[in-house]
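Here's the structure, in structure tokens; my notes come after.
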Amino acid sequence: MISLPLYPQSPIVADRHFRQVVLSEQTTLLADTVPVPHSREVIKHPAAFRPQVGPSINPGFTNQFYWVHFRVRNPEPTPKELVLEVENPHINKLQLFTHAQGRLQAGLLTGDHFPFSRRPIRHPHFLFPITIAGNQTIDGYLWVDKHGEQVQIPLRLWAKDYFMANTNKLYLFVGFMFGIGGLYCVLSLLALLFFRLRLMFYYFGYTVSAWLFLAAHTGFGFALLWPQATWWTSAARPTLVLMMYISSVLFVRVFFRLETNFRRLFRYTTILLSVQVALLLMLWLQNPALGLFKNYWYNPVYYSGEWLLRYMIVLHGVAIVSIASVIFVGLRVYWQTRRPEGLWVAIGYLMALLSGSSITLVHVGLLPDNYVTHNLPLVTNALDTIILSVLLANRFKDIHVQNARIAVELALQRQKNAIQLLEGQIIERKRLSQELHDGISLSLANIRMKLSMLADSMNGRQKEAQQLVQALGNVGQDVRQFSHALSPVMLERYGLVDALDELTQQIQDSHPDLLVVFQHEQIVNQAIHPMVSQTMYQISLELLNNVLKHAEAQSVTVQLNQADSALRLLVSDDGRGYDLTEKNWGIGLQNIQARVQLLGGQFVVQRQPQGMVHRIELPAQTKLFS
């Protein structure tokens, strides 16, 4: 039997009103160098324990092992069931011993160096059940092995029934924050698959690394995602921290185009990336999962702790420098360019700096390890992810708007070039028409006159000569008609209305069985660009020719009117019609459609119970006209 040692602190009273209490100043602490829990020797030396000072048990970075002692008294006659919660889910090894009435009882040795199934109670945090008999006082001794790293031992003692009723609060809050992070991971993956850009790959790497880091940091990763992977549990947080900051640096390098726009910042981030990658390689080359070394300093069973302690101190420093550097890059870009993107990147990663700083300050013992510092990384990471996502969405929106503007400008330029080409064709038509009218037509008329005079002087051959004169006259008439079709004289001299009136009258004279009606309102020729007049005339000529060739109509109507800045033409007939689908249109209708679209107008074809209706609307003037 072991006698009950005496300790100066007052016991915690666990009566029927007891719910829960944070264990801090009610405890005493012993720093030990023995790497195994030698409980029987420890409880023989109560004077070696020192009272805990401060709101949390946080020795910081250390290479020692720790014993935490607390005392609990049950003043009730009935047994009391309690739960000791260790709120730090990253302790390598820990074991609870209870001492009451001279008997020492050892609990299960557990920790994140053992599978998750090896826990007294399945929970992201470490839970140890304690039963106190009625009217009994017990001493609890918690052995903690976190040597070679930073040590926090946040303890909370619960009444078991109260703990079971309130434990869901932890799951609700953490589950909500994980849901937000998981949603952004899915969105970033979809954006990566859609855009397939390096920028989106780095953003996806950051969001996934941050989400997995928070899963590891809260203990839910070990509980739900990798319950058997003890080799990963110890390495998860340092690995994911480095992956987060490597992705962050790569992200800002591409986002701000540092290689071309900010050469000094690019060289600085290259050095920073080299340090981060070196630390990542150093970590994983020593990980027991790779099995590259027998005496690896990061082996969960055999490491000595000295090099690991130095590594963790360097890692924390590099992490803070990395995130501060990303903020500096954003501020520098904003200072030089006044682009709000730089400021928003700095604000977003300021949230990450707040998260990382709080974790580091807790690790070194400058901040208490409590509910606020536990959950602050969850909130700040969510804000950081939201800000970066909005920033990326705004970047792609600006790119889309810029591309749309460039596309419109290119389309307008192509349209302007086509119109200029069409104007050149019209000028060439006028030139050819003038050449035919003033040159060839006059020459043919002169030849016909001389041939007629010669025919009168021929004896016996007048008939053949007159036939030649007549044929030559027909050729001259065809030349005049061709010249007129190229560029009607009436259109140039008197405007569109008179030209269409002459055209419809000619068709009526040459086709007496077809009723041709031309209707028009008052048209201001000066308000119509010559190209629009020329186009309207050519369209009217094409549609009337189609009626004559294919419609078998009894009547055709041409209507012309002007409203505001638009010129409208309607050509309708009572013929047999045709299929409305554009794929069945002939070359003539396709040319009409192309010309109307080129000038920014509309071409509508409708089928009537008998015949067709063609509606054309063109702007009378446009800035595209030269």
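The values are calculated or read from the model by the stated rules, or taken from the named source; none is laboratory data. All figures in this text were calculated on a predicted structure; none of them were measured in a lab. No Cβ is skipped: glycine too gets one built from the backbone with ideal geometry, and neighbour counts run over all protein chains shown. Only protein heavy atoms, including side chains, enter the accessible area calculation; ligands, DNA and RNA are left aside. Shrake-Rupley method; radii C 1.70, N 1.55, O 1.52, S 1.80 Å.
At-a-glance table
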read-out	value
Top-ranked residue of the stretch 22-48 - restricted to ones that are closer than 16 Å to T98 by Cβ and open to solvent by less than 20 Å² (accessible area, probe 1.4 Å), ranked as nearest to the chain's Cα centre (by Cα)	L23
Count of the stretch 345-366 residues which are in contact with a strand residue (DSSP E or B) (Cβ under 6 Å, 6 or more places away or on another chain) and either free of Cβ contacts under 8 Å to residues at least 60 places away in the same chain or surrounded by fewer than 19 Cβ atoms within 10 Å (Cβ to Cβ) (or both)	1
Residues (touching a residue at least 60 places away in the same chain (Cβ under 8 Å), in a strand (DSSP E or B), of a type outside the set (K, R) and under 29 Å from F163 (Cα atoms)) located in the stretch 36-78	G60, F65, Y66, W67, V68, H69, F70, V72, N74
Residue that is surrounded by the most Cβ atoms within 10 Å (Cβ to Cβ) [pool: residues in the stretch 218-246 that are free of Cβ contacts under 8 Å to residues at least 12 places away in the same chain and not in a helix (DSSP H, G or I)]	W226
Residue match in the stretch 383-398 (condition: over 19 Å from L199 (Cα atoms), among the small types (G, A, S) and part of a helix (DSSP H, G or I))	no
Pick from the stretch 201-215, criterion touching a residue at least 60 places away in the same chain (Cβ under 8 Å) and of a type outside the set (F, W, Y), ranking: nearest to I359 (Cα to Cα)	L214
Condition met for L187 (in contact with a helix residue (DSSP H, G or I) (Cβ under 9 Å, 6 or more places away or on another chain), aliphatic (A, V, I, L, M) and surrounded by fewer than 19 Cβ atoms within 10 Å (Cβ to Cβ))	yes
Tally, over the stretch 246-274, of residues that are of a type in the set (A, V, I, L, M) and under 14 Å from G330 (Cβ atoms)	5
Residues that are at pLDDT 85 or above and either open to solvent by less than 60 Å² (accessible area, probe 1.4 Å) or small (G, A, S) (or both), drawn from the stretch 591-603	I592, Q593, V596, G601, F603
Matching residues in the stretch 331-346 - criterion: being in a helix (DSSP H, G or I) and out of contact with any Leu (no Cβ under 7 Å at 6 or more places or on another chain)	L331, V333, W335, Q336, T337, P340, L343
Subset of the stretch 79-112 (residues that are of a type in the set (A, V, I, L, M) and outside any strand (DSSP E or B))	I91, L108, L109
Test: residue in the stretch 600-615 that is touching a His at 6+ places or on another chain (Cβ under 7 Å) and not in a strand (DSSP E or B)	no
Only listed residue being farther than 25 Å from V318 by Cβ and either assigned to a helix (DSSP H, G or I) or within 18 Å of the chain's Cα centre (by Cα) (or both), chosen from L193, L212	L193
Search result, residues across the stretch 115-167 that are crowded, with 20+ Cβ neighbours inside 10 Å, among the small types (G, A, S) and within 45 Å of the chain's Cα centre (by Cα)	G148
